[in-house]
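The values are calculated or read from the model by the stated rules, or taken from the named source; none is laboratory data. Quick caveat, the model's predicted, so the values are computed rather than measured. Cβ: placed from backbone, ideal geometry, glycine included. Neighbour counts: every protein chain shown. When the accessible area is computed, the model is the full protein with side chains, heavy atoms only, and any ligands, DNA or RNA have been set aside. Shrake-Rupley method; radii C 1.70, N 1.55, O 1.52, S 1.80 Å.
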Amino acid sequence: MTVLLLRDVEVDGVPGIDVLVRGGVISQLGKGIEVSGRCKVVDGHGGALIPGLHDHHIHLHALAADRVSVRCGPPDVTSADDLARALEAAPGDGWIRGVGYFESVAGLLDSDSLDRIHDRRPVRIQHRSGAMWALNSLAVRLARLHTADHPGVERDDDGRPTGRVWRADTWLRDRLPATAPPALDAIGAELARYGVTGVTDATPDLTPSTVAALVDAHTTGALRQRLHLLGAPHHFSPATPGCTVGPYKIVIADSDLPDIDALTASIRRVHAARRAVAVHCVSLEAFVILLAAFDDVGSIPGDRIEHGALVPAESIEELRRRGVHVVTQPGFLADRGDTYLRDVDTHDLPDLYRCRSLIDGGVPVALSSDAPYGPVDPWRVMSAAVTRRCPTGDIVGAAERITSAEALDRCLAPLDDPGGPARQVTVGADADLVLLDRPVAEAVGDLGADRVRATWIGGRCVYAKC
């Protein structure tokens, strides 16, 4: 049995506490705890000991793939010439996978415009929203888009594929050369450095092989974080400790808004299987359709909205009444808030990535990254919720600011209760812990990942600053 003693740490604002961990669980808190026998002792030097952070919406395999893909958007790439140079410099001689593209570089890409930039190798470039892939003509031929019947394959008036593929990641992957799922070792280590001990993979419609790869990464220790899956099939029930299944992910695609009856039927089927839903909802139109569907079918405990990028003020009470959670990503403000200020209607800006008004309105709110589409660093996400500052320095929705302590709490809720009460360092709790380099009042006054000294999951150290 692993025994760990953390000496002189701050717990819930109380300094000088010792915390004893046995078998992955906190077994004792107090002052001057003595232990006989073998024991790992860590001197906290007065730093705060907090529960491990949870990222309630992330895409693990996409994040791993993103790390080895060609960057195709700002700030590294800002013009068509920049994009051409980046693609030409891609290593190898096969497919090129690009990520992070935005229209400011060279407009909304299609196969014709992408051919003018690079036509020597097959290229597929993902829009930074994650909603669309653009393929050049060589890639279109190799992916056999001309014979495809998937609704996400965009076609022109003559029925010819434009090279744009919307919301069809899994389908498109099956038409590409077979590759193994990307390794998650580096991602797990990066998350541990941030103090993240649990993640919710929000990728929809996971195939059996993808589910198996995610679970295997957790089982083998490549991904030490506790793993909560939204896209797992209804019949899947993991037997692996630390791996659970959450609400079922449903995507309301802005590129192809669903018929409300079809959406209602989907939610009803999931609820009938005694599973809540997690609905991707970004635009105002999608939000209105979702509320109408809930009006018809009702909501059950655990139902949640992913993103909630635009939430009208008059809908907050309805969300509270239904008990619907909102898992949002204010990190997008820090990442691209200047674009929102330019492109979002002024009337809608107050509705953008709400935090303060939702919390005050009694709606359970959790913070998350949506990485790789948003910044993966949870401390940057928390800071964005506090400052609402965009890259230009402008503030987006000052009235929606929350305090640093509130932002931290929104990253401490259980994986199966995003927006619920923050987990505590208490006897009987899992020893998923983060040691900070200073008291918590000082840490939240200057949010940053460099505050993390060490991270434990189940009492096992997964990160320690040298």
Scanning for something within 22 Å of H59 (Cβ to Cβ), in contact with a His (Cβ under 8 Å, 6 or more places away or on another chain) and touching a residue at least 24 places away in the same chain (Cβ under 8 Å), does the stretch 310-328 turn up at least one residue? yes
If V9 satisfies every condition in (1) β-branched (V, I, T); (2) open to solvent by less than 10 Å² (accessible area, probe 1.4 Å); (3) in contact with a helix residue (DSSP H, G or I) (Cβ under 9 Å, 6 or more places away or on another chain) but one, which is the exception? (3)
Do we have any residue at all in the stretch 145-152 that's farther than 22 Å from A232 by Cβ, modelled with pLDDT under 95, open to solvent by less than 40 Å² (accessible area, probe 1.4 Å) and assigned to a loop (DSSP other than H, G, I, E, B)? yes
Report, by residue number, each residue of the stretch 252-265 that is modelled with pLDDT of 95 or more and surrounded by fewer than 18 Cβ atoms within 10 Å (Cβ to Cβ). A265
Where in the stretch 207-262 are the strands (runs of 3 or more DSSP E), entirely inside, with at least 2 residues that are under 21 Å from the mean Cα position of the chain (by Cα) and small (G, A, S)? none
Taking first residues from the stretch 441-466 that are in contact (Cβ under 8 Å) with a residue 60 or more places away in the chain and farther than 19 Å from G198 by Cα and second residues anywhere that are among the small types (G, A, S) and surrounded by fewer than 21 Cβ atoms within 10 Å (Cβ to Cβ), the pairs with Cβ under 8 Å that are 6 or more apart or on different chains are A441/G13; L447/S404
Check the stretch 407-415 and report whether any residue there is of a type outside the set (K, R), in contact (Cβ under 8 Å) with a residue 24 or more places away in the chain and more than 21 Å from E190 (Cβ to Cβ). yes
When the stretch 24-69 is examined, which residues are found to be in contact with a Pro (Cβ under 7 Å, 6 or more places away or on another chain), outside any loop (DSSP other than H, G, I, E, B) and under 24 Å from V14 (Cα atoms)? A48, L53
If L63 passes every condition in (1) touching a strand residue (DSSP E or B) at 6+ places or on another chain (Cβ under 9 Å); (2) in contact (Cβ under 8 Å) with a residue 24 or more places away in the chain but one, which one does it miss? (1)
Run A180 past the list (1) surrounded by fewer than 16 Cβ atoms within 10 Å (Cβ to Cβ); (2) modelled with pLDDT of 95 or more and report the number of the one that doesn't hold. (2)
What is the number of the single condition among (1) surrounded by fewer than 17 Cβ atoms within 10 Å (Cβ to Cβ); (2) closer than 15 Å to P208 by Cα; (3) in contact (Cβ under 8 Å) with a residue 24 or more places away in the chain; (4) not acidic (D, E) that L229 does not meet? (1)
Condition (residue is farther than 20 Å from E88 by Cα, open to solvent by 30 Å² or more (accessible area, probe 1.4 Å) and either assigned to a helix (DSSP H, G or I) or touching a Ser or Thr at 6+ places or on another chain (Cβ under 6 Å) (or both)) applied to the stretch 118-129: is it met by at least one residue? no
